[in-house]
Structures are given as C-alpha cells and as structure tokens.
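In what follows, a single structure is set out as structure tokens and then discussed.
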Amino acid sequence: MKNTALTHIHEALGAKMVPFAGYNMPVQYSEGVNAEHETVRTAVGVFDVSHMGEFIIKGTKAIDLIQLVTSNDVSLLYDGKVQYSCMPNDTGGIVDDLLVYRIKENEYMLVVNASNIEKDWNWITAHNTFGVEMINQSDDISLLAIQGPKTSEALQALTDVDLADMEYYTFNVGTFAGVNNVIISATGYTGAGGFEIYFKNKDAEKIWNAVFEAGKEFGIKPIGLAARDTLRLEMGFCLYGNDINDYTSPIEAGLGWITKFTKNFINSENLLKQKTEGVTKKLVAFELIEKGIPRHDYEIVDENGTVIGKVTSGTMSPSLKKPIGMGYVPKEFSKIGTKIYIRIRKSDVLAEVVKLPFYKG
C-alpha cells in the first residue's frame, strides 16, 4: 500500500484510513461524513488527493496524440485552460475520464484517476505513434483539493495570483505558500467552488500547514474520501468504476457534451452513430419517494418487479436529507418524472427520475 506525502499527518489527526486505488487514504476524520460534507458546502475543506495520476505530454505532435485518445476537442484549449474529457476505448466503453491542462503550446498535463494510472499510461503509450514525449509524474506530485465557498478568501494571503478573478476551469502557475511553480487550478469535484493545488511531494507538509493556518478563521477542516463521494453525487458527477467504466459509452452516460465530433478520435464513428440513432440505455438520476437508502449494485425494477437496471451510485444526501442515486435504465424509463423502483433487501421502494444536479446550491 502506497502512502502520500501527507499520510502521517492524516494518521496524527485521527483519520480512519482505508486502502483506495493502491494507496492508504483518509476516508473520514473524527467528526464524520455529514459534518465534513457540511464544512465543504458552507466553509472550506481540504482533501488530500495526491493518489491521482499526472502525465506530461509534450512535443510538436502532442495535440495530435491527445486529440486521438480523448473525446473532447483539445484545439479549443489555450494556455492556462483546463478541459474535462474522457478516453473512449475501441469497443464502446470508457478507458477513463480525465482533465486536460494546456501548460503551453506543445505541452499538456493529463490528470487521471488513481486506479487507472497504469492502464491509462499503457493505453496512451500504445497509441503514441507520433513520437510524443510522455512523462509519468504521478509519484512525484502531491495534490490538494481545497473546496468550499470561502476557499478563495482563505487562500488569497498565500499567493499573488488573484484567486477571486480566476474563471472556472482555468489555472495559473505561480508562488503559493512561498513555494514556486505551483499549479493553482479553479477546478474541483464537489460543486462547492474552490481550487486544486499541484506541487512537488517535498513541499507537501509546508503547503498543508500554511493552508490550515490561513484557513483557521474560515473554519477550515480536513475532509476524507467519503464526503468527497457524497459531494460529487449531489452534483451528479460521474465516478469511474461506478457510473462509467469500460462498458459504458459517454453517450449513454450523458457525457455527449464532452464528445466532440469535429475531429476523429478512437471509436468516434460508433459513438457518432449512437448520438444520431440513439442509445438503448441511459444513466439517470433518481430520488426515493419512499423510505430507504439506495446503494451501489442494488437492482432497479419496474412496477411489475422486472429488473431493468442497477444502481451505480447511491446515498442519503447530507445536504438535501433525502435518498438519491444514479443508475442505467432502458431509454423508455429515462424521462424526467418516470417512476421506477429500487430493490432494497426484499422491498421494491418507489423512486422518481429527476434532473441533475440534485443539489442546486
């Protein structure tokens, strides 16, 4: 089990540690998931997500390689711009979802899911017929996701970069907490606003301590992976391995908006066919009308008790105080307002298909 550069701090803070994607990670701290969730929605919370993968792709043909392996249109990026995308496989599914950072002309950073680092590296390498230089920096980079409505106010004292002025999905490279060449990115996986900060492992403890000192008056707290999951689900953000995987297409998953047919990419012909002709199943969001909590892999059934799908993500929403979830169902059950049932133990519990996001802020 790998540790991040901050594992010893999480342990000292009394975090409950669990194995996740090959890393020893904090799932929650002493106050528990709901309190941590609330901290991010109302103040500022800090996630150690240093397990994520970072690849540098550079060279004159870097854009050609990234255009081939990702579904979104990289030509739309400019220096300091970030793009959400996915890597389709050649059988209709998704290798991974990722962020693409344009550092400068001919140099990009891809940020991939921790559980897929080796798989993604091998996939991109196998398609690198362009002679592009690839560097896997995953083991050298630490990453803090600092999220919540008070984040820019709390962090501003640590940098000359004007945080309040940064647009969503842009980034700056600057000095942060006295450390040079830190990537300060206006991105996140919570829907609560905030930043993701990338830096070398050797600076991790210094930056962590500076962030908590600066955020003290704003109610800053460390946040674990469990609250990260409830926060992203309230926004309807897909989690790789749950809501998307090697067998779900971006069109089925509602990710048509990151699937641009202005260029050719792996399996684009079949995905365009799906987009124009329609798909047989769709990822839907639902709220339970009756009592119960939907969990991953629970069966979704129709009014006759016939199994029509499975829950991919589900929880009791800490913000909304109601049970919410997502799952794939046949297209005819995907319309907003459609009644479906979630099989919880031996009971079929009534639910309704709703529009995302669950949490409107």
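Over the chain, what is the relative contact order in percent, taking alpha-carbon pairs closer than 8 angstrom and at least six residues apart?
Numbers: 813 pairs, mean separation 63.3, N = 361.
18 percent.
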TODO: Compute the projected area of the convex hull of the Cα atoms of the stretch 214-299, averaged over all viewing directions, and report it in nm² to one decimal place.
DONE: 9.8
TODO: Could you tell me whether the stretch 280-361 comes out rounded, prolate or oblate from its Cα gyration tensor? Rule is a ≥ b ≥ c as square roots of the eigenvalues, rounded for a/c under 1.5, then prolate if a/b exceeds b/c, otherwise oblate.
DONE: oblate
TODO: Rounded to whole Å and ordered largest first, report the semi-axes of the equivalent ellipsoid of the stretch 157-216 derived from its Cα gyration tensor (root of 5λ).
DONE: 18, 13, 12
- [ ] Pull up the cross-link candidates among the aspartates and glutamates for LYS216, meaning alpha carbon to alpha carbon under 16 Å and not fewer than 8 places away within one chain.
- [x] GLU36, GLU153
- [ ] At a temperature of 25 °C and a viscosity of 0.890 mPa s, determine how fast the stretch 84-218 diffuses translationally according to Stokes-Einstein, using the Kirkwood radius over alpha-carbon pairs as Rh; express D in µm²/s, rounded to the nearest whole number.
- [x] 150
Task: Residues of type lysines that LYS119 reaches as a straight line, Cα spacing below 23 Å, ignoring anything fewer than 8 places off in the same chain - done: LYS2, LYS58, LYS61
Task: Selection from TYR198, ALA12, ILE251 lying farthest towards where the dipole of the chain points positive, charges on Cβ - done: ILE251
- [ ] Starting from 0 in steps of 5 Å, tell me what percent of the Cα-Cα pairs of the stretch 9-165 lands in each bin.
- [x] 2, 8, 14, 17, 17, 15, 13, 9, 5, 1, 0
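Take the residue pairs LYS291/LYS335; LYS281/LYS310; LYS282/LYS310; LYS275/LYS360 and return only those whose Cα atoms are more than 18 Å apart. List each step's numbers first, then the result.
Working: LYS291/LYS335 22 Å; LYS281/LYS310 11 Å; LYS282/LYS310 11 Å; LYS275/LYS360 28 Å.
Violating the 18 Å Cα-Cα cut-off are LYS291/LYS335; LYS275/LYS360.
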Task: Leading residue at positive end of dipole, the chain (Cβ point charges), from ALA114, GLN156, GLY309 - done: GLY309
Open item on the list: Quick check: the distance between the Cα centres of the stretch 54-107 and the stretch 256-318, to the nearest angstrom?
Closed with: 25
Task: Stretchable slack from ILE56 to ALA21, in nm (0.36 nm times residue separation minus alpha-carbon distance) - done: 10.5 nm
Task: Span per principal axis, largest first, for the Cα atoms of the stretch 53-136 (Å) - done: 30, 24, 21
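To the nearest whole percent, what portion of all C-alpha pairs in the stretch 223-351 is separated by more than 26 angstrom? Working shown, then result.
Values: 2084 of 8256 pairs.
Here the tail beyond 26 Å accounts for 25 percent of pairs.
Given contacts defined as C-alpha pairs under 8 Å and at least six residues apart, what's the relative contact order of the stretch 1-61, whole-number percent? Don't skip to the end; give the middle numbers.
Details: 45 pairs, mean separation 16.7, N = 61.
Relative CO of the stretch 1-61 lands at 27 percent.
By counting other Cβ atoms within 10 Å of each Cβ, how are SER347, SER115, SER317 ranked from fewest to most? Write out the running numbers ahead of the final one.
Working: SER347 12, SER115 17, SER317 20.
Final ranking by Cβ density, sparse to dense: SER347, SER115, SER317.
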Open item on the list: Residues of the stretch 312-342 with the amide nitrogen closer than 20 Å to a label point 7 Å from the Cα of LYS273, along Cα-to-Cβ, please.
Closed with: 331
Open item on the list: I need the per residue convex hull volume for the chain, using only the alpha carbons, in cubic angstrom as a whole number.
Closed with: 134
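In debye, nearest 20, what is the charge dipole magnitude of the chain about its Cα centre with +1 on Lys and Arg Cβ and -1 on Asp and Glu Cβ, if you could check?
840
Values in this text are rule-based calculations from the coordinates and carry no lab data. In this text, all values refer to a predicted model and were calculated from it rather than measured experimentally. Here Cβ is always computed from backbone atoms with ideal geometry, including for glycine, and neighbour counts include all displayed protein chains.
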